[in-house]
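Just so it is clear, none of the values below were taken in a lab; they were calculated from the coordinates. Everything numeric here is computed off the predicted structure, so don't read it as measured data. Reconstructed Cβ throughout: ideal geometry from the backbone, glycine too, with neighbour counts over all protein chains shown.
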């Protein structure tokens with residue numbers, strides 16, 4: 001019994017210690033942001049690696065998720081003769097939930113893991129130490145551009161995911177199952193509100209972007225500088241980011257759509 | 001070619017005022033440092049004179065690299081002072097520390113080159129970060145530094161295409177890019193073939209003399225280190241156990257120094273890891 005308690009205590013302390021370290025780390029990264037404005041080229045470079053290179057997986061996944069939504073939604077709606085609402089259903093599911101959440105999960109797997117591994121290996125090969133000794137602080141030089149690029153990329157990727165998903169739903173609903181084109185689009189236009197649905201979805205994806213990139217860069221920076229340490233950190237990034245996103249999503253949804 | 005550049009640079013340096021020529025560049029007093037409950041340094045005093053090559057030697061795991069990190073301010077000692085050019089490193093503010101580091105070069109064992117940019121950009125990195133020189137001047141500067149280490153032709157290669165010895169030479173060119181007052185070499189000879197080793201030994205000596213720098217070489221390669229060092233400190237188990245010129249150490253009477261310098265397998269540092277009696281150990285296992 002005491003052994004179990006002790007384990008729990010140690011685990012709790014360890015968790016809060018890392019959370020504290022991650023918060024100090026984040027504040028240091030944020031402090032380095034003003035200097036980054038003068039060197040925006042560094043951010044653009046990272047936008048390419050983090051955002052542009054994630055496009056393929058986002059577009060393909062978005063298309064399939066939209067198609068599945070179209071298929072499943074049609075089967076349910078058709079029983080009530082409400083298949084004309086398919087457009088609303090697909091678009092609402094995507095902009096409110098699936099767009100931000102699935103895009104963030106894919107982002108964690110594609111870009112987050114790469115960020116952790118890259119930063120972890122830079123640490124393991126003494127590149128970060130080397131920079132410090134050249135009087136270049138790695139936080140503003142290496143971490144901050146990646147963090148900013150991640151936070152900018154995430155909402156854009158989520159928006160692209162949702163847009164492509166709607167097109168996927170359109171292909172299946174209108175193209176294959178014969179839903180009326182006019183009804184599909186006009187109901188979507190009429191029922192989806194800019195501030196309640198789209199804006200809330202964007203807010204969600206910005207928050208997910210901060211959470212996912214923060215975890216990814218922190219895990220890399222905090223990794224034990226060995227091959228095993230970096231591999232563990234990469235795994236932790238994907239696991240922790242996924243859990244954090246789903247948890248934060250519940251909280252945000254409860255606040256936004258009560 | 002290399003000597004020529006050296007003379008020019010040396011004559012430039014001679015014109016600069018140097019008021020504290022005789023005081024040591026680095027003064028370490030009563031340095032204590034421990035990590036993970038283990039004492040690494042237990043009251044070390046050492047001086048690194050200006051313009052000379054000082055070697056710090058000792059068996060693996062005695063904290064030689066740690067000493068360089070303490071001098072560079074990447075680690076903080078438990079107590080003691082580390083004066084570099086009359087500034088106490090552990091007490092410097094972050095800003096002053098970074099200012100001081102601009103005048104320090106460090107050569108890491110792995111080279112620590114940035115793997116996503118080529119050789120030229122690696123050498124240009126500190127120049128671009130710390131100066132606003134025009135592109136043409138950066139180009140000339142980088143090519144001069146690469147020429148000094150004999151790798152001007154390798155400027156377009158990526159770090160992954162370099163051999164270990166070449167990577168270390170590129171790192172050396174990068175370390176001298178901003179003309180530092182001192183340079184720290186962390187195990188520069190480890191894992192090098194004889195030719196690269198010879199090149200590095202020559203480079204360290206030449207650069208030290210040509211640029212009028214102060215060099216600190218941390219190493220356990222006795223032969224190469226004795227060949228280039230002006231003064232040697234030997235560290236073991238957290239203490240300085242011997243120091244002197246290479247000749248003095250070569251003729252030292254201390255059994256420990258003798259074992260280390262001549263690489264004898266047994267002596268004051270025993271061949272066996274501490275264990276209970278051999279016979280007793282064998283018998284107890286049988287029962």
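Assuming R0 = 56 Å, can you tell me the calculated FRET efficiency for the pair residue B:137 and residue A:13, based on Cβ-Cβ distance, to the nearest 0.05?
Calculated transfer efficiency: 0.55.
In nm, give the distance between the simple-model label positions of residue A:24 and residue B:206, each being 7 Å from the Cα along the Cα-to-Cβ direction.
Taking the simple label geometry, residue A:24 and residue B:206 are separated by 4.6 nm.
Can you sort A:92, A:157 from fewest to most other Cβ atoms within 10 Å of each residue's own Cβ?
Starting with the residue having the fewest Cβ neighbours, the order is A:92, A:157.
Taking Cα centroids, how far is the stretch A:208-258 from the stretch B:215-287 in Å?
48
In nanometres, what is the gap between the two model label sites at residue A:199 and residue A:227, each 7 Å from Cα along Cα-to-Cβ?
It works out to 5.2 nm between the two label points.
Output the relative contact order of the stretch B:129-259, whole-number percent, from Cα pairs under 8 angstrom with separation of 6+ residues.
16
Using alpha carbons only, how many degrees (0 to 90, rounded to 10) separate the axis of helix A:55-77 from the longest principal axis of chain A?
It works out to around 40 degrees.
Rounded to the nearest 500, what is chain A's calculated 222 nm mean residue ellipticity when only DSSP H runs of at least 4 contribute -39500 (n - 2.57) each, over all residues?
Here the helix-only value at 222 nm equals -24500 deg cm²/dmol.
Just check the stretch B:84-227 against the gyration tensor rule for me: Cα atoms, a ≥ b ≥ c as the square roots of the eigenvalues, rounded for a/c under 1.5, and otherwise prolate or oblate depending on whether a/b exceeds b/c.
It comes out oblate by the Cα gyration axes.
Of all beta bridges DSSP finds with both residues in the protein assembly as shown, what is the antiparallel percent, to the nearest 5?
55
For chain B, with a Gaussian network of springs between Cα atoms less than 10 Å apart, report the residue from B:220, B:243, B:272 with the top mean-square fluctuation.
B:272
Given a 10 angstrom Cα cut-off, can you work out which residue in A:68, A:90, A:166 is the most mobile in a GNM of chain A?
A:68
Return the FRET efficiency for the residue pair residue A:180, residue A:97: r is the Cβ-Cβ distance, R0 is 22 Å, and the value is rounded to the nearest 0.05.
The formula returns an efficiency of 0.30 here.
Taking the Cβ of each residue in B:25, A:56 as the centre, tally the other Cβ atoms inside 10 Å and list the residues starting with the fewest.
Listed from fewest to most nearby Cβ atoms, that is A:56, B:25.
So, in Å, what gap is there between the alpha-carbon centers of the stretch A:55-115 and the stretch B:87-118?
Computed from Cα coordinates, the inter-centre distance equals 49 Å.
Run the simple label-point estimate for residue B:283 and residue B:86 please: 7 Å along Cα→C-beta, distance reported in nm.
About 6.9 nm, to one decimal.
Calculate for chain B the 222 nm mean residue ellipticity that helices alone would give, adding -39,500 (n - 2.57) per DSSP H run of length 4 or more and normalising by residue count, nearest 500 deg cm²/dmol.
The helix contribution divided over chain B gives -11500 deg cm²/dmol.
Just to verify a number: FRET efficiency for residue B:130 and residue B:163, C-beta to C-beta distance, R0 = 51 Å, to 0.05?
Computed FRET efficiency for residue B:130 and residue B:163 comes out at 0.95.
Inverting the mean 1/r over all pairs of different Cα atoms, compute the Kirkwood radius of chain A and quote it in Å.
19.9
For a footprinting-style exposure proxy, rank A:84, B:187 by other Cβ within 10 Å, fewest first.
Ordered by Cβ neighbours within 10 Å, fewest first: A:84, B:187.
With angles folded into 0 to 90 degrees, how steeply does helix A:144-170 sit against the dominant principal axis of chain A? Use alpha carbons for both and round to 10.
20
Once the piece of chain linking residue B:248 and residue B:273 is laid out straight, how much longer is it, given 0.36 nm per residue of separation minus the C-alpha distance between them?
6.0 nm
Listed highest first by mean packing, meaning other Cβ atoms within 10 Å per residue, what order do A:179-192, B:197-210 come in?
Taking the mean over residues of other Cβ atoms within 10 Å, the ranking is B:197-210, A:179-192.
Considering Cα pairs under 8 angstrom that are at least six residues apart, work out the relative contact order of chain A and quote it in whole percent.
Once normalised by length, the contact order is 32 percent.
Working from the alpha-carbon coordinates of the protein assembly as shown, get Rg over Rh, Rh being the Kirkwood radius.
My calculation of the ratio gives 1.11.
Roughly how tilted is helix B:164-175, in degrees to the nearest 10 and between 0 and 90, from the longest Cα axis of chain B?
Here the helix axis deviates by roughly 60 degrees.
Name all residues of the stretch A:50-73 having a backbone nitrogen under 15 Å from the label point set 7 Å from the Cα of residue A:167 along its Cα→Cβ direction, giving them as ranges.
Taking a point 7 Å out along Cα→Cβ of residue A:167, the residues of the stretch A:50-73 whose backbone N falls under 15 Å are A:55-67.
Over chain B, calculate the relative contact order: mean separation of alpha carbon pairs under 8 Å at least 6 apart, over the residue count, as a percent.
24
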